[in-house]
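The values are calculated or read from the model by the stated rules, or taken from the named source; none is laboratory data. From a predicted model like this one, the values you see are computed outputs, not experimental measurements. Every residue, glycine among them, receives a Cβ derived from its backbone with ideal geometry; neighbour counts consider all protein chains shown.
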Amino acid sequence: MTRVMHFIFQEGERYPMLLDGDGMPDYWVALYVTENLRPRLKQTSIEGALRNIYHLKLWEEINGRDLISEMSQGGFLSDSDIASIRDHCLLSTQSLNEWLRLKRRKDVTKFSASYPKNVQHFQVVSRAHSANRLTHIAGFLHFTARTLLRQRANFIALTVLIDEMKNRILAQKPKVSGKSGLASDPDSKAPSPEVFERLMELVKENSPDNPYKNQSIRKRNELMFDVMYNTGMRAGEVLGLYISDIDYQAGKVSVVRRHDNQIDPRPKQPVAKTLERDIPIKISLAKRLRDYVMDFRSNIPNARLHPFLFVTHKRGAYQGRPLSESSFISRVLGPAVATVPELFGEISRHGFRHNFNYRLSKRIDAVNAKAKTDPSVKSISEKEEIQIRMSLNGWSSDDSAHVYNVRHINEMANKLMRDEMDDISKNIKKEGMK
C-alpha cells in the first residue's frame, strides 16, 4: 500500500517520502519534493503536499491511468479528465481506500463503474481542502511534464500546452469563503469552556474516572493537559519541551524552535510553529513538573539519554524515548475523549489553544471591569490586548489574535443584542400600560 514515510538525514533534516506498496520511493514525486518543495517548505507542509499527490495516484488506480506515461508521449489531461479529478478531490482519501480494499478483496462490484456516480456514499472533504489538493496536483503535473519533455525539439510549443493544463486544473478549484462568516469561525463547532473544565477534572491524577492505567502515566498525562490548558501551547510544542525549558524558580516555560533537531529520534518531529517565547506558569505547576522529572521520569529506562521532558513510559522498544504525536493522540488524548464521547467528542489538540484565548479574553474583561471602580487598576486597551495575545501565543501578526477571539466577540455581540431586545420589550410593556 502506498504510504508517506518520514526519514531523518544525518544533519537532522526530516524528509517525507511517498513509498509504493513494495516500499520503494516514487521517483517523480521524490524529484518534485527535492527540487520544488524541500527548499521552501517544512516537514509538515511537504507531508500535506504528498498526501494530496497520493490522492491523485488513487484517481489513476481507480481509472486505470498512468499520467506520467501519457505525458511522456505528449498526452495531456482533457477537460473531462480534469473535471473527474476535480470531483475526485472532493472525496475523502480514507473513504476511497476503504472502497478499494473491498474491491481488491471481494471484487463484488466493478469499482470504476460506481465511481463517481455513487459519490453520495463517500465521505467528502471541505472546499478549502479540495482546493488545496488541486493546487498541489497542478503543481506536480506541471513540474513533471516540463521535466519529462524538456529534451523534445518542440519543447517551447509543448510548454504552452503544459501551462494551459495547469491553468485549467487551477480553474476548477472551488471558491472558498473569505475570513468572515460562520464557516471560517474556528469556534463555531468547538466545545464550550465548561466541557474543557470537565475534561481537566477527569484527567486529574486521583480522579476516579481517570482512564489511564498506572500512577506515573496518570502523572505525566495530567501535566501535559495542564500545560496545554494553562499556556495555550500547541501539542507539538509541549512534546518538544526540554527539561531545561522549565524555569522552576521563576515559574515560566520557554517555547524554543528546534526544527531538524539531530538528537530528536522521532521521524515526525513535533516542533514549534510560532515564534519563540516565554510563558508564565503557576509556581505550583512548575513544582509538579519538577516532581515528575525527579520522581517519575528519572526512573524510566533510557529517559536520561535525552533532554525531552515527556517520555514514553510503556515497556518496550520505545520506553524512555520522547513521546510521539501519534502516541499523544492515541494514548493520551484519545482515552480521555473516549470516556464520554458524546461530551468530549469535539475536543481536539488545537481546541485547547482556542479555549486558552477565550479564558484570556474573560480575564482581560474582568480587569477592565475592575478598573472602572478601582483607580489603582489600569485598564487594558484593545491594542494592548492584541499585544498580550501575540506575545503569549507567539504570533508575528495580529490577524491570528482576532481569529482566536471570535467566540468572545460573538458572546459580547449576543449580550448586546439581548440587552437591546430586553430594553425594547420593557418599553413596549410601558407603552401598553398607559
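Numbers at a glance
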| item | result |
| --- | --- |
| Residue check, Asn299 farther than 19 Å from Phe225 by Cα and exposed (fewer than 13 other Cβ atoms within 10 Å of the Cβ) | yes |
| Among (1) at pLDDT 90 or above; (2) in contact with a Lys or Arg (Cβ under 8 Å, 6 or more places away or on another chain); (3) of a type outside the set (A, V, I, L, M) - the single one Asp187 does not satisfy | (1) |
| Which listed residue is within 27 Å of Asp264 (Cβ to Cβ), out of contact with any strand residue (DSSP E or B) (no Cβ under 6 Å at 6 or more places or on another chain) and not aromatic (Phe, Trp, Tyr), from Arg105, Arg40, Arg65 | Arg40 |
| Any chance Val33 is in a helix (DSSP H, G or I) and touching a residue at least 60 places away in the same chain (Cβ under 8 Å) | no |
| Subset of segment 1-33 [of a type in the set (S, T, N, Q) and at pLDDT 95 or above] | none |
| Verdict on Arg266 being basic (Lys, Arg) and not in a helix (DSSP H, G or I) | yes |
| Single match in Phe76, Phe7 (criterion: in contact (Cβ under 8 Å) with a residue 24 or more places away in the chain and more than 30 Å from Glu164 (Cβ to Cβ)) | Phe7 |
| Complete set of residues in segment 216-257 that are surrounded by fewer than 18 Cβ atoms within 10 Å (Cβ to Cβ) and either free of Cβ contacts under 8 Å to residues at least 40 places away in the same chain or touching a His at 6+ places or on another chain (Cβ under 7 Å) (or both) | Ser216, Asp247, Gln249, Ala250, Gly251, Lys252, Ser254, Val256, Arg257 |
| Members of segment 325-365 found to be of a type in the set (A, V, I, L, M, F, W, C), surrounded by 15 or more Cβ atoms within 10 Å (Cβ to Cβ) and in a loop (DSSP other than H, G, I, E, B), listed by number | Ile347 |
| Cβ-Cβ under 6 Å pairs, at least 6 apart or on other chains, segment 385-396 side closer than 9 Å to Leu275 by Cβ, far side modelled with pLDDT under 90 and in a helix (DSSP H, G or I) | Met390/Ala401 |
| Single residue of segment 4-49 satisfying the filter (farther than 24 Å from Thr147 by Cβ and either in the same structural domain as Pro267 (by TED's automatic domain parsing) or touching a helix residue (DSSP H, G or I) at 6+ places or on another chain (Cβ under 8 Å) (or both)) that is surrounded by the fewest Cβ atoms within 10 Å (Cβ to Cβ) | His6 |
| Residue, modelled with the lowest pLDDT, within segment 71-80, restricted to residues that are loosely packed, with under 15 Cβ neighbours inside 10 Å and in a helix (DSSP H, G or I) | Ser72 |
| Residues of segment 138-161 that turn out to be over 18 Å from Leu31 (Cα atoms) and in contact with a helix residue (DSSP H, G or I) (Cβ under 8 Å, 6 or more places away or on another chain), as a count | 4 |
